[in-house]
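Enquirer: This is the structure I want to talk about, given as structure tokens.
Bear in mind that the values in this text are calculations on the coordinates, not laboratory data. Nothing here was measured: the structure is a model prediction, and the numbers come from that model. Here Cβ is always computed from backbone atoms with ideal geometry, including for glycine, and neighbour counts include all displayed protein chains.
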Amino acid sequence: MDNVLIVVEDLDAVIEFFVELGMTLEGRGPLEGDWAERVIGLEKVRQDVAMLRTPDGHGKIELASFHTPEPIRPDPVNAPANTLGIRRVMFAVDDIEDTVSRLRSHGAELVGEIVRYEDVFLLCYVRGPEGIVVGLAEELD
């Protein structure tokens, strides 16, 4: 897998959220033109994109903020976990409590609670800016 795309309105806020999670901003800029329109099947595409890389260097998240055509908001906005489609992206973290605390300063809230899965993981879901849900997993010794 190369990357996962997330369409957002507030590109700056979402970049800050993922940087706080430990990702590195690799690049950011405008994206438009005939080739983009042909790939994604939309006309008159004008967007700003940003690419972020995971700390291990193996995964990436691409963020896109469309100017045209106007983005379409899903309904309901904060869809529950059983909604069809991609619901979350999971990240391994060293300290789940610290990570949740840092993400809260970027508007994140726990979806449920931090739970222990046997003696293997501490797990939780966090809803960040624009309703983006990320899972956090801290491996236990």
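Enquirer: Percent antiparallel among DSSP beta bridges with both residues in the chain, to the nearest 5?
Expert: If I count the DSSP bridges inside the chain, around 75 percent turn out antiparallel.
Enquirer: Once the mean 1/r over all distinct Cα pairs of region 3-68 is inverted, what Kirkwood radius in angstroms do you read off?
Expert: It is 12.3 Å.
Enquirer: Here's another thing I want to ask about it. Of the GluC sites (Glu not before Pro) in region 94-141, which ones lie in a loop per DSSP and count no more than 12 other C-beta atoms within 10 Å?
Expert: Answer by residue number: 113, 118.
Enquirer: Estimate the FRET efficiency between residue 95 and residue 2 by the formula 1/(1 + (r/R0)^6), using the beta-carbon distance for r and 30 Å for R0, to the nearest 0.05.
Expert: It comes out at approximately 0.60.
Enquirer: Taking the square root of 5 times each eigenvalue of the Cα gyration tensor, what semi-axes in Å does the equivalent ellipsoid of region 89-139 have, largest first?
Expert: After scaling each eigenvalue by five and taking roots: 18, 11, 9 Å.
Enquirer: When DSSP assigns beta bridges and you keep just the ones with both residues in region 3-68, what percent turn out antiparallel, to the nearest 5?
Expert: 75
Enquirer: Additional query: Which of the trypsin sites (Lys or Arg not before Pro) found in region 7-83 are loop residues per DSSP with 14 or fewer other Cβ atoms within 10 Å of their Cβ?
Expert: 44
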